[in-house]
1. Report, by residue number, each residue of region 251-260 that is under 19 Å from Asn292 (Cβ atoms) and either in contact (Cβ under 8 Å) with a residue 24 or more places away in the chain or part of a loop (DSSP other than H, G, I, E, B) (or both).
2. Can you tell me which residues in region 79-120 are farther than 17 Å from Phe178 by Cβ and in contact with a Leu (Cβ under 8 Å, 6 or more places away or on another chain)?
3. Condition first: under 28 Å from the mean Cα position of the chain (by Cα) and of a type in the set (Ser, Thr, Tyr). Now tell me which residues in region 284-320 satisfy that.
4. Looking at region 199-216, which of the residues that are outside any helix (DSSP H, G or I) and not acidic (Asp, Glu) is farthest from Lys132 (Cα to Cα)?
5. If I ask for residues that are modelled with pLDDT under 90, over 25 Å from Asp288 (Cβ atoms), open to solvent by 10 Å² or more (accessible area, probe 1.4 Å) and in contact with a helix residue (DSSP H, G or I) (Cβ under 7 Å, 6 or more places away or on another chain), which ones from region 1-40 would you list?
6. Output the residues belonging to region 65-86 that are closer than 25 Å to Tyr197 by Cβ, open to solvent by 30 Å² or more (accessible area, probe 1.4 Å) and outside any strand (DSSP E or B).
7. Any chance you could count how many residues in region 125-178 are touching a residue at least 60 places away in the same chain (Cβ under 8 Å), open to solvent by less than 10 Å² (accessible area, probe 1.4 Å) and part of a loop (DSSP other than H, G, I, E, B)?
Amino acid sequence: MKIILPTAGRGTRLRPHTHTKAKSLVHVGGKTVLEHIVSRLVPLAAEEYIFINDEDNGPQVMEFMARRFPDLKTSAVVQQERLGPAHAVSLASERIKPGDDVLVVFNDTIFVADLERIPEICADCDGLIYSKEVEDYQRFGVNVVKDGFIVDMVEKPDTPVSRLAQVGLYYLKDGQGFMDYLYKTINAGEKVKGEYYLPSVFMNMIRDGLKFKAPEIDAWLDCGKPETLLETNRYLLRERHHVHGETPGCVLVEPVHIEEGASVRDSIIGPNVSIAAGTRISGSIIRDSIINADTEVSDLVLSNSIIGDSVTLHGTARKMNIGDHSLIEMG
């Protein structure tokens, strides 16, 4: 198996936190988004992880992978032009050989699913377009299923033709054949608002007789905006109440995640707080927040806040969304 991870993009909805880092390297639940995703892929024993990066953030992503997952074989392709998701995936074509199956994983969301069941689920079809049933189907592209197979895909439907939202996780049994369809769709100029999207590719495949299923994942955790990042932080911390740093004189309200190398003193922390290594906190009350690395917080009450790397923050109660390398002082 080859795994394709498109990680290009400016992550504008997560600014200011993506001014200085790739959106996949934003922290949530004690790890980066990318670490959460790749950790879920490791059991598949894939032959290669192919990253589709941009020039700005690509080196950060590859350095992180080399440091955190040194045993995984990785390669990188730079997307020079922003022409859409299907175009990004097509750039991996030179790495896909006859006989390769392919898993495509987009990095705006963290998924919870048993991917080791792929051979079982896909025994009688050509691919899987993972889905999640949602109430607000009008916000998503949805899969329309009949007799167990996808017959149509509708982008942001006005009527409930389906509530199975596509989650950005795709499996193709014939990777090279999939690449051929990507190129056919791109060469035919099948754009939507100036970009190439995967549903056009999949519908061409379905019209030619290929069969796809839409298995549901267990959880779909959005990391694309500050408010959804905090929701995802709350979900992930349910599974990981870990305290590795120093916490003298503290009251910890589970769940919290405090990394080794963090120092928290004389504070009330939690619930739903993750604190990264190198951070120093004193005399503060913090709940439902993400505090990133090498930051200093004192004499402060924080709730529903995201604080970036290397921030110095002193003051009174506020709701914060502060980027990296900031200095804020409050009387």
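1. Listed by number, the residues that qualify are Pro255, His257, Glu259, Glu260.
2. Matches in region 79-120: Gln79, Asn107, Thr109, Ile110, Phe111, Val112, Ala113, Leu115, Glu116.
3. Ser289, Thr295, Ser303, Ser305, Ser310, Thr312
4. Quick first cut of region 199-216, residues outside any helix (DSSP H, G or I) only: 208-216.
Those left that are additionally not acidic (Asp, Glu): 209-215.
Details: Gly209: 24, Leu210: 22, Lys211: 19, Phe212: 15, Lys213: 13, Ala214: 9, Pro215: 8 Å.
Checking each candidate, the answer is Gly209.
5. Across region 1-40, the qualifying residues are Ala8, Gly9.
6. Gln80, Glu81, Arg82, Leu83, Pro85
7. 1
Yes/no per residue for (1) buried (at least 22 other Cβ atoms within 10 Å of the Cβ); (2) more than 25 Å from Gly224 (Cβ to Cβ):
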{"site": "Phe51", "(1), (2)": "yes, no"}
{"site": "Gly58", "(1), (2)": "no, no"}
{"site": "Glu63", "(1), (2)": "no, no"}
{"site": "Gly99", "(1), (2)": "no, yes"}
{"site": "Phe111", "(1), (2)": "no, no"}
{"site": "Ile118", "(1), (2)": "no, yes"}
{"site": "Ala123", "(1), (2)": "no, yes"}
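The values are calculated or read from the model by the stated rules, or taken from the named source; none is laboratory data. Remember, it's a predicted structure, so these values are computed and weren't measured experimentally. Positions of Cβ are generated from backbone atoms using ideal geometry, with glycine treated the same way; all protein chains shown enter the neighbour counts. Just the protein is used for accessible areas: all its heavy atoms, side chains included, with ligands, DNA and RNA removed. Shrake-Rupley method; radii C 1.70, N 1.55, O 1.52, S 1.80 Å.
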